[in-house]
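Heads up: the structure comes next, in structure tokens.
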Amino acid sequence: MGNAFACMPRKEHRGAAAVSRSKRMGSARSARGGPKLTPAEEELLHRQALAMAIHQHLDSGGSMSRRIDAGASLSRRMAPGSTSSRRRGDLPDSVTNAKPAQIVLENLETKKIVLVHGEGFGAWCWYKTISHLEEAGLEPVALDLTGSGIDHTDTNSIATLADYSKPLIDYLDKLPEDEKVILVGHSCGGASVSYALEHCPKKISKAVFLTATMVKDGQRPFDVFSEELRSADVFLQESQFLVYGNGKEKPPTGLMFDKQQIKGLYFNQTPSKDMALAAVSMRPIPLAPIMEKLSLTPEKYGTVRRYFIQTLDDHMLSPDAQEKLVRENPPDGIFKIKGGDHCPFFSKPQSLNKILLEIAQIQAPAALLPGKASSEEPVAEKS
């Protein structure tokens, strides 16, 4: 739902305790300080996304676009731990619930932000983020990976991370030679972002990992969850969540959590209307891509600036697990969303939007051109 208090003028904020919930929601403003969305407009936006999601299930012919763009409109929680981390770059470690950043479009390296969904999701999950970014004058593009959203590929047929990430790679390959984008990957979509960094580094200005599997060279996306789910071998033998699309006598092909598990893992802070949207939209999770080891090199993957957004009330990828990721594979900057569950595009859309706008405005330091230096500096804290 975002933080409406963060976007109120100071006078309104002082009297917020006496304001009804509907009025507080209505006071959230766009990232540019533009006109606020009324409750009716927010409801209309949600209904459009929900209608699209329902239509994708009814439309077996796949007649809808595979992409939403600016022109188209695991079973237990890991104990919370320390949120201290190794930091690099010149970004604040905590950017939450503050006034929206003012964006200066002329100073951007690129206006185009490509949103890459996580496991089981699709382009539909970014509907709030798309709206906020468009209001700020940016050009968001949300893709359906193979077998996701309204891409009707059978998830049981997806055998590699390359297969799964093909729509993203195809999109990057078709960009004009001099055009770059910012990639934003959620959850296991981080593996597709890392794969793209290795295969199309010259097309990517920055990469943002949103509570995502920011793996190292030789690591599998599944390994990020291994402390909670035990070893991959044990998980594949014992898990009740596995899908055997090619028959029980053959290796499992996917994962599928039930409704209550999904709610507890992904949506512990998410509004009920967005959980309803997810219930009719989520697809089985192809298993092969998250079990594949990535090959990442300093000469390609290592040349693109990376940023990590932590969510501090995450039941799927705990704060401890996120801390481990940024310690072992330090990004150029770390942001944190307080009160955000595993899906901040639903639970904290305005906080997420503010962070994405800040990252979009970061210029490449002279020391990082044309190569990427590895200097480490203290990070200023923001509250």
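The values are calculated or read from the model by the stated rules, or taken from the named source; none is laboratory data. Only a predicted model underlies this, so the values are computations on that prediction, with no experimental measurement involved. Cβ coordinates were reconstructed from backbone atoms using ideal geometry, including for glycine residues, and neighbour counts include every protein chain displayed. The protein model used for the area step is the full one, side chains on, heavy atoms only, and it has no ligands, DNA or RNA in it. Shrake-Rupley method; radii C 1.70, N 1.55, O 1.52, S 1.80 Å.
Within the shell defined by Cβ-Cβ distances under 13 Å, the residues around K203 carry a net charge of -1, with Lys and Arg each +1 and Asp and Glu each -1. Dipole check for region 110-360: with +1 at the C-beta of Lys and Arg, -1 at the C-beta of Asp and Glu, and the Cα centre as origin, the magnitude is about 380 Debye.
Cross-link pairs exceeding 31 Å between alpha carbons, from the set K259/K336; K111/K263; K174/K250; K180/K336; K112/K166: K111/K263; K174/K250.
For region 110-360, the per residue solvent-accessible surface stands at 32 Å², with DNA, RNA and ligands left out and a 1.4 Å probe. Ordered by 1.4 Å accessible area with all protein chains kept, K248, K338, K203 run largest first as K248, K338, K203. Cα convex hull, region 110-360: 114 Å³ per residue, rounded to a whole number.
Seen from M275, the other residues with C-beta closer than 12 Å to its C-beta sum to a net charge of +1, counting Lys and Arg as +1 and Asp and Glu as -1.
Assigning unit charges at the beta carbon (Lys, Arg +1; Asp, Glu -1) and nothing else, what dipole magnitude in debye, to the nearest 20, does region 284-327 show about its Cα centre?
Roughly 280 debye for region 284-327.
Taking the accessible area of region 110-360, probe 1.4 Å, and keeping the other protein chains in place, the carbon and sulfur fraction comes to 49%.
Residue-wise HN-Hα couplings along region 203-215, as the Karplus relation 6.51 cos²θ - 1.76 cosθ + 1.60 with θ = phi - 60° gives them from phi, are 9, 10, 7, 8, 10, 10, 9, 9, 5, 10, 7, 8, 7 Hz; Gly and Pro carry x. Label separation (T160 vs K248): 3.2 nm, computed from points 7 Å beyond Cα along the C-beta direction. Residue order by solvent-accessible surface for R220, R306 is R220, R306, largest first, with ligands and nucleic acids left out and a 1.4 Å probe. Amide H contacts under 5 Å for S187: L210, A212, T213, restricted to partners 5 or more places along the chain or on a different chain, H placed in the peptide plane at 1.01 Å from N.
For GluC sites (Glu not before Pro), the sites in region 135-191 that DSSP calls loop and that have at most 10 other Cβ atoms within 10 Å are E177. Remark on I337: its backbone amide H falls under 5 Å from those of Q310, T311, L312, a criterion applied only to residues 5 or more positions apart or on other chains, H modelled at 1.01 Å from N.
Charge tally for P289 (other residues, Cβ to Cβ under 15 Å; Lys, Arg +1; Asp, Glu -1): -4.
Taken one residue at a time, the phi angles of region 307-322 give Karplus couplings (6.51, -1.76, 1.60, θ = phi - 60°) of 10, 10, 10, 8, 10, 8, 10, 8, 9, 8, 10, 4, x, 4, 5, 5 Hz. Gly and Pro are set to x.
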